[in-house]
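Let me begin by presenting the structure, written as structure tokens, before commenting on it.
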Amino acid sequence: MCFASSADLLAMKNFIFKFFVAGAVLAVMAGCAQTKKPLPQARAMPTGLRFDQVGRVTLFTGQPCTPQIMFAFHGEGSTVWLGAPMAETKKLTEAADKNRRVHILGKWRLGGQSNCSYVEVTSVELTR
């Protein structure tokens, strides 16, 4: 007959215990991992249409579909990408930093890719 000694049983229990602890730690770490939210996709709009809305802006994070896009406009339940000349860029950056509302006037433009529409800003007004 083959019997394991008490030292062998204790070593096996320690191994199993450490194995389960390591598994639990990995499970907790995987549960805490942050998932990246996909960026909202801009809808394709016909070029030249006027844009006139009030909302908030943030600096664009991620890889834009065209280099002109520097801001994301959040208003009326949708997100719109914005590109702006230097004078308007300064106002938009200030609004984004201070979480201020803005009134944007501009025109829809088409970027380099097929589903890449953005608004070319012609006027920015900080609102309350």
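Taken together, the values in this text are just the output of simple stated rules run on the coordinates, not laboratory data. None of these values were measured; they are calculated from a predicted model. Every residue, glycine among them, receives a Cβ derived from its backbone with ideal geometry; neighbour counts consider all protein chains shown.
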Which of the GluC sites (Glu not before Pro) found in the range 40-128 are in a DSSP loop and have at most 15 neighbouring Cβ atoms, other than their own, within 10 Å?
76
What is the distance, in nm, between label points placed 7 Å from the Cα along the Cα-to-Cβ direction at residue 50 and at residue 78?
1.7
Interchain or long-range residues, amide H under 5 Å from residue 81's placed H
73, 119
Need the full-extension length gain, residue 14 to residue 105, defined as separation in residues times 0.36 nm minus the C-alpha distance. One decimal, nm.
25.9 nm
Spin-label point model (7 Å from Cα, Cβ direction): what's the residue 89 to residue 59 distance in nm?
1.3
Going residue by residue through the range 53-58, the Karplus relation 6.51 cos²θ - 1.76 cosθ + 1.60 with θ = phi - 60° gives ³J(HN,Hα) values, rounded to whole Hz and with x marking Gly or Pro, of 9, 10, x, 10, 10, 10
